[in-house]
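The values are calculated or read from the model by the stated rules, or taken from the named source; none is laboratory data. What you see is a predicted model, and the numbers here were worked out from it, not measured in a lab. Don't worry about glycine lacking a Cβ; one is built from the backbone with ideal geometry, like all the others, and counts go over all protein chains shown. Quick note on the areas: whole protein, heavy atoms, side chains included, nothing else; ligands and nucleic acids left out. Shrake-Rupley method; radii C 1.70, N 1.55, O 1.52, S 1.80 Å.
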Amino acid sequence: MLPEVPVSELTLLIEPTAELPGDRVDALAAGLADDLRTVRGLRVAHAQRPAVGHGKSPQAWELGMLVVGGLFSATTMRALAQIAIAYADRIKARSIRLRSGDNELVITGATRVDPQLVEQVARLLAQGGSGSSDPTTAALPATSRDGGSATTGS
């Protein structure tokens with residue numbers, strides 16, 4: 001069983017398959033936020049400040065970006081992954097990128113929710129505060145339904 005990760009913050013970024021107007025991307029993010037708010041213990045908001053990632057200076061606020069915080073138990077992380085995967089599949093998004101600090105995990109509608117994926121989300125959250133940008137410490141690839149894998153790393 002995975003331990004609970006202390007109150008932390010995770011950024012989710014919706015990456016549409018095609019170029020969409022800003023208001024449509026915001027509407028997609030609002031839909032994902034509504035789905036995530038069904039998980040007890042999560043706080044979900046639209047990003048209101050620059051994103052920090054990959055050890056670079058803050059990036060401009062991105063359309064379709066949500067900030068999720070709370071106490072991440074194994075159950076919460078599994079629910080978050082299931083919702084993100086189902087949402088990416090439902091809206092036919094290219095991917096939903098999960099970022100914590102310098103680390104990220106990219107999932108798609110084809111990603112399979114299994115214990116390995118939940119462990120990857122836990123590692124992502126645990127490493128986010130460490131400032132590590134060493135790709136060898138990034139989460140392992142998520143297994144997809146078709147035998148492929150999701151992208152991870154920094």
Which of the residues belonging to the range 9-32 are aliphatic (A, V, I, L, M) and part of a loop (DSSP other than H, G, I, E, B)? ALA18, LEU20
Complete set of residues in the range 81-114 that are open to solvent by less than 30 Å² (accessible area, probe 1.4 Å), polar (S, T, N, Q) and farther than 17 Å from GLU19 by Cα: SER100, ASN103, THR111
Of THR151, THR143, the only residue that is under 28 Å from ARG24 (Cβ atoms), modelled with pLDDT under 90 and open to solvent by 30 Å² or more (accessible area, probe 1.4 Å) is THR151
Selection count where residues are in contact (Cβ under 8 Å) with a residue 40 or more places away in the chain and open to solvent by 50 Å² or more (accessible area, probe 1.4 Å), scope the range 14-46: 2
